[in-house]
Structures are given as C-alpha cells and as structure tokens.
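This report concerns only the one structure given below.
The values are calculated or read from the model by the stated rules, or taken from the named source; none is laboratory data. On a predicted model such as this, the values are computed, not experimentally measured, just so you know. Please note: Cβ atoms are built from the backbone with ideal geometry, for glycine as well, and neighbour counts cover all protein chains shown. Ligands, DNA and RNA are stripped out before the accessible areas are found, and what is left, the full protein with its side chains, is counted by its heavy atoms. Shrake-Rupley method; radii C 1.70, N 1.55, O 1.52, S 1.80 Å.
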2 protein chains.
Amino acid sequence: MRLYHHTLSAPSRFSRLMLAEYDVAFELVEEQTWRKNPDFIAINPANSVPVLIAEAGVPIVGAIPIAEYIDETRGPMMHSKRLMPDYPLERAEVRRIIDWFTGRLDADVCRGLIRERVIKLEQAAEGGSGSPDSAVIRAAKANAKQHLTYLNWLAGTRNWLAGNSISAADLSAAASISVLDYMGEIVWQDLPAAREWYARVKSRPSFRALLSDRVRGLMPVSHYVDLDF
Amino acid sequence: MRLYHHTLSAPSRFSRLMLAEYDVAFELVEEQTWRKNPDFIAINPANSVPVLIAEAGVPIVGAIPIAEYIDETRGPMMHSKRLMPDYPLERAEVRRIIDWFTGRLDADVCRGLIRERVIKLEQAAEGGSGSPDSAVIRAAKANAKQHLTYLNWLAGTRNWLAGNSISAADLSAAASISVLDYMGEIVWQDLPAAREWYARVKSRPSFRALLSDRVRGLMPVSHYVDLDF
C-alpha cells in the first residue's frame with residue numbers, strides 16, 4: 001500500500017499510526033498539496049491528504065475512511081489489540097473523539113499554524129511571497145487552549161480517551177497533539193493528565209516514525225522526541 | 001430516540017434522512033447552539049448539532065457517528081434497502097463522499113451563509129447586534145460553485161453518487177444541497193445531471209419532513225418544495 005501524506009498533517013499522522021498499529025506494510029509519499037499537482041488531483045479531486053492506495057489500486061481518501069477501512073479489513077485478525085470496540089455505542093464514542101481531534105482541532109488550530117509557519121516558508125524558498133499572518137496564528141493559539149483543556153479533562157476522567165482500552169480515538173488525538181507539540185504549542189505543566197496520557201501513546205512503537213520526521217525550516221522543540229518530557 | 005438538530009443544519013438533515021430511511025422513530029428537538037444552552041453543552045461539550053439520544057440515553061454526537069450507528073444497529077435488517085455497501089472499498093467511497101458534503105461543503109459554504117442570514121436575524125430579533133458580513137457571504141458563494149460543479153460531475157458519471165445503488169452518500173449530499181436550495185443558492189439550469197439526481201432523492205418519502213420545515217425570517221425560494229423544478 002502507498003500513503004500520500006504530509007509530514008505535519010495531523011490526519012496523515014493518524015493514518016500512519018493506524019497502519020503501523022494494524023501491522024500493515026506501506027510506503028510513504030510526501031505530497032505538498034499547495035503545489036496543486038495535477039497527478040495527485042486526478043487521484044483525489046479534493047487535493048487533500050491523506051490518501052491510501054489500497055488493494056487493487058483504489059484510492060481511499062481521508063483519515064476517517066482510511067481508519068474504518070483498515071479496521072474493517074484487518075480488525076478481525078487483531079483480537080484484543082483491535083482499536084475499534086465491538087459495541088455500537090462504544091464505537092460511536094470513539095468516532096466522536098476522532099471527529100473532535102482529526103476534524104475540529106485540525107481545522108481550528110493545526111491547519112492555520114502549518115500554513116503560516118511551514119507552507120509559507122516552503123513557498124518563500126521557491127520565490128513565492130507572503131509572510132506569516134499573525135492574526136491567524138493568534139486565533140489558532142486561542143482555539144488550542146480550549147481543545148487542550150478538553151483533552152486534559154478527558155484524559156483525567158478515563159484510562160484512555162474513549163474508555164478503558166486504547167482505541168483509534170487515542171491515535172487520532174495523539175496525531176494532532178504531536179503536530180502541536182512539534183511546533184512548541186503545548187505547555188505540558190498545565191496539563192498533567194494529558195501529559196501522562198500522551199507519554200503512554202508516545203512510547204508505542206507505532207509512534208517512532210513520527211518522532212523522527214522533520215520539515216524543512218522548522219525544527220521541533222527540544223522535548224519533542226523525549227519519552228519522559 | 002431523540003435528535004437534537006437545527007432546521008437548516010446540513011449535518012442534522014443528513015441524520016434525519018438516515019433515521020427516516022432506516023425506519024427509526026424519533027422526536028426532534030430544535031437546538032439553537034448560538035444560545036450556548038448549558039443543559040445541551042452538558043450532553044455535548046462541542047455544542048454542535050446533531051446529537052442523537054440513543055438506546056440507554058447515551059448521546060451519539062455528530063452526523064457521521066450517527067449514520068454509522070444507525071447502519072450498524074439497523075443495517076442487517078434492511079436487506080437490499082441498506083444504505084452502506086457490503087464491501088470495504090465501496091464503503092470507503094461512500095465515506096469519502098459523506099466527508100465531502102457533510103464535512104467540507106458544510107464548512108466552506110453552508111455554515112457561513114446560515115450564520116450571516118439566519119442566526120444573525122434571530123439574534124437581532126432578541127436585541128442582539130451584528131449585520132450580515134457580505135465578505136463571508138461572497139466567499140461562501142464562490143466556494144459553492146466548485147462544490148456544485150463537482151456534484152454535477154459525480155451525478156453525471158454514476159447512477160448514484162457512490163456507484164450503482166443509492167447510499168448514505170446520496171443522503172449526505174442531498175441534505176447539504178437542500179440547505180443551499182432553501183436559500184436560493186443553486187442555479188439548476190447550469191447543473192443538469194445534479195438536478196436529475198436531486199429530483200430523485202427529493203421525491204423519496206424520507207425527504208418530506210425536510211421540505212415542510214421553515215426557519216423564522218427566511219422563506220425558501222419558490223421551487224424549494226417542487227418535485228419537478
């Protein structure tokens with residue numbers, strides 16, 4: 001399988017974690033969607049990542065369809081390591097949390113920060129113009145506070161985010177959190193329960209590849225790779 | 001079951017169509033999320049609609065988790081009328097289209113128009129301030145064009161949006177389209193394939209309740225309820 005992704009795209013990271021946890025071999029292809037590559041748009045007219053090229057060469061578009069596909073096709077062989085619960089009401093709670101972190105948190109916070117701090121740098125290096133818009137960055141930081149407070153509350157009231165067992169919800173949230181942490185947007189001492197939860201997810205083998213990834217022009221904060229931060 | 005919704009919320013309409021097509025009895029409760037009702041926020045901290053109160057009083061938050069829940073719990077009894085296909089790759093295509101219309105089209109177009117044209121009127125009637133922001137309306141209209149062109153292309157190349165049979169993807173798209181059509185945002189003569197497709201979805205019994213709904217201060221365009229428009 002092949003996954004079109006971008007290094008700091010939170011939904012792409014969620015797909016990478018799902019594939020790794022379900023032991024699916026895949027190759028990664030970096031897609032810089034702001035270049036509007038016609039070959040990629042032919043695969044996905046929405047010009048968004050992630051896209052998984054699955055069995056038979058069929059593209060699966062979007063982190064949520066990819067997660068459901070991986071679980072539907074590989075889940076039955078995972079036994080107790082399956083990351084979607086058996087019962088519909090519990091599955092609904094996992095999906096609610098995935099929608100929160102892969103949908104809202106990404107739209108309200110991550111995408112704006114990445115556009116202003118990473119994509120504009122890439123474009124400038126190629127002779128493009130446009131400097132970071134500080135109003136966008138301020139708005140994203142203000143939104144981040146609410147999301148992190150909610151994450152800390154969830155992590156403090158449950159063993160894992162959607163209940164007693166680790167689930168796809170934890171991977172979804174940790175994918176988004178890893179992007180914010182890379183950019184130094186998280187003050188961990190204010191978020192003790194979230195910190196303890198994130199340390200557990202971050203120490204999983206599926207997380208290693210994410211922690212070694214770098215984007216051009218923006219190094220991660222110093223504690224980004226530490227498992228004890 | 002009880003569904004918290006808003007009359008012109010596209011994701012809420014998608015949930016109403018799913019419940020009706022799967023023959024689930026439910027009561028509707030209008031939730032005006034801009035009032036920030038603490039009782040509702042206790043049910044759904046994201047303060048978003050739709051929310052379905054399911055068996056055992058457990059809230060299911062968001063149109064996509066609701067659609068999956070209805071299909072998982074009722075689908076096996078639906079036989080050939082089931083609105084999710086059997087095969088994982090086909091399910092992925094249904095989910096891609098749902099994400100397009102219930103996710104992107106709603107975020108890029110519907111929500112901005114409703115805030116400026118409907119919610120601000122409601123707030124003004126209660127002594128609030130704020131007049132419609134014409135820049136937001138212009139941006140939403142420009143985005144709408146691309147989405148409608150894509151819908152017309154999809155409808156022209158397939159029998160139903162995700163393939164040969166009607167699926168949840170058609171309900172998702174029709175829910176969003178019905179909101180834009182209510183507000184007079186669709187020039188149907190430019191979209192012959194989309195029009196033929198929408199006429200088929202609109203004539204389904206599940207659609208009737210949507211067509212009779214009205215919001216305060218904004219009447220639908222004259223062809224909104226016509227099955228032959």
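General remarks:
- Placing unit charges on each Cβ (+1 for Lys and Arg, -1 for Asp and Glu) gives chain B a dipole about its Cα centre, and among B:Pro220, B:Trp197, B:Ala162 the Cα reaching farthest toward its positive end belongs to B:Pro220.
- Counting protein heavy atoms only, chain B has 52 percent of its accessible area on carbon and sulfur, 1.4 angstrom probe.
- Qualifying lysines (Cα of each under 21 Å from Cα of A:Lys120; at least 8 residues distant if same chain): A:Lys36, A:Lys141
- Summed over both chains, the accessible area lost when A and B associate is about 2000 Å², using a 1.4 Å probe.
- Excluding ligands, DNA and RNA, the accessible surface per residue across the protein assembly as shown is 43 Å² with a 1.4 Å probe.
- Mean separation of Cα pairs under 8 Å and 6 or more residues apart, divided by the residue count, gives chain B a relative contact order of 23 percent.
- Ordering B:Ser80, B:Ala135, B:Gly112 by the projection of their Cα atoms onto the charge dipole of segment B:24-162, which places +1 on the Cβ of Lys and Arg and -1 on the Cβ of Asp and Glu, puts B:Ala135 at the extreme positive end.
- Inter-copy label distances at B:Gly184 (7 Å, Cα→Cβ; nm, one decimal): 5.2
- Charge dipole (debye, nearest 20) of segment B:85-128; +1 at Cβ of Lys and Arg, -1 at Cβ of Asp and Glu: 120 debye
- By average C-beta atoms within 10 angstrom, highest first, the peptides B:85-97, A:121-133: B:85-97, A:121-133
- With each label modelled as a point 7 angstrom along the Cα→C-beta vector, the A:Lys145-B:Leu28 pair spans 3.8 nm.
- Nearest-20 debye value, the protein assembly as shown charge dipole, Cβ charges on Lys, Arg, Asp, Glu: 560 debye
- Between the C-alpha center of segment A:22-74 and that of segment A:144-205 there is a gap of 25 Å.
- Simple label model, 7 Å out from Cα along Cβ direction - A:His223 to B:Ser222, nm: 6.5 nm
- B:Trp153 paired with B:Asp86, simple spin-label distance in nm, labels 7 Å along Cα-to-beta-carbon: 3.2 nm
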